[in-house]
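Written below as structure tokens is the structure these notes are about.
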């Protein structure tokens, strides 16, 4: 099995965790390459759910080694919490199985305070941030004042960096947001108290990946969020603060782009979105409620209800083009059971023209009108089907029509939440 990059091809919440878990059986190394604990991957094994926000989903497979790459922003408090939760379930989370890049940026308490204060001031123009401090941490990275995981070895450096960061942020807190100033020394003390638990995991991830390559091991690159939340290519400004495209798997881990062999896009059989932003196929009727209820569409990170709508192949074509998708994993197909007709958005109408790809102008996606075609629904229970040929003809026609519209083969079909409820074509 060649190296594989897994990305979400919509607005996130496509079921990446389950597919990462599935492919981890065949991979020796799994590495997360962007985002932070604003993502949530839910894995169901024998009816037991595990939700992970930072640690790669492959940690549930004893033979896999997992890394958190330099493209990730890591909340040390959340990391330790996940370690504790996994260890209490009998999962080996020792440093021999899990590592953090020395270059990984750390989310500090003031990042979260700033994130939440900004969103609170936006009133009607809210972005829909999770308030986890992701954006402000990436800002400090770009401003070259961020704290990196390896810095925890140097107490004086930690304090100097925090003092510098808070020299500006404390002015914002006190003069703009009406909050109390943060004591740099107290903040540094809190972070340094975690250092003995974090530092054993800090390592040279790119060296480990190069060694794995040299030994012929397979690497699985785990993305977070969705392509249309990409800071450059997403529905700006309603996006996340990192690049979610597959190409960032190289930048976010320290491996050459020639080492990214397969690009697997995860596509939900319908469309969902959490937070603000344009959503052309959103349903505000009974069908939207049916999708939300049957699909248990509530965010793994925030618990917020997800907005639901019909499958949008316009954004999926854009995802295929942006990432050079080699295959697709179609998830939550079973949720569509019971719909008499299923609609597929095949194009947009925009300013009197038909568009096959999303318009580029900011805000233009709010103005498009989806162009639909209908296919027959299905009533059969497909959750226990293990073979593609066993699927009802109506379901197969839906799958094959999606392939035609996107131009990418569907290699995996999820017919239920458990890792075993997956058809491999």
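A few comments on the model shown:
- Among residues of region 225-251 being over 17 Å from residue 20 (Cα atoms) and in contact with a strand residue (DSSP E or B) (Cβ under 7 Å, 6 or more places away or on another chain), the one that is modelled with the lowest pLDDT is 240.
- Some residue of region 83-90 being surrounded by fewer than 18 Cβ atoms within 10 Å (Cβ to Cβ), part of a loop (DSSP other than H, G, I, E, B) and touching a residue at least 12 places away in the same chain (Cβ under 8 Å): yes
- Where strands (runs of 3 or more DSSP E) fall wholly inside region 308-362, the ranges with 3 or more residues that are closer than 26 Å to residue 5 by Cα and in the same structural domain as residue 412 (by TED's automatic domain parsing) are 327-331.
- Residue within region 218-229 that is surrounded by fewer than 23 Cβ atoms within 10 Å (Cβ to Cβ) and assigned to a loop (DSSP other than H, G, I, E, B) present: yes
- Only listed residue being at negative phi, assigned by TED's automatic domain parsing to the domain that holds residue 358, touching a residue at least 12 places away in the same chain (Cβ under 8 Å) and under 19 Å from the mean Cα position of the chain (by Cα), chosen from 281, 271: 271
- With respect to the conditions (1) at pLDDT 95 or above; (2) loosely packed, with under 15 Cβ neighbours inside 10 Å; (3) closer than 24 Å to residue 294 by Cβ; (4) within 23 Å of the chain's Cα centre (by Cα), residue 409 falls short on a single one, namely (3).
- Only listed residue being free of Cβ contacts under 8 Å to residues at least 60 places away in the same chain, within 21 Å of the chain's Cα centre (by Cα) and either surrounded by fewer than 22 Cβ atoms within 10 Å (Cβ to Cβ) or farther than 30 Å from residue 304 by Cα (or both), chosen from 116, 153: 116
- Test: residue in region 390-409 that is within 29 Å of residue 51 (Cβ to Cβ), in a loop (DSSP other than H, G, I, E, B), touching a strand residue (DSSP E or B) at 6+ places or on another chain (Cβ under 6 Å) and in the same structural domain as residue 318 (by TED's automatic domain parsing): yes
- Total residues in region 261-280, condition in a loop (DSSP other than H, G, I, E, B) and under 20 Å from residue 414 (Cβ atoms): 3
The values are calculated or read from the model by the stated rules, or taken from the named source; none is laboratory data. None of the values given here were measured: they were computed from a predicted structure. Note: ideal-geometry Cβ built from the backbone for every residue, glycine included; neighbour counts use all protein chains shown.
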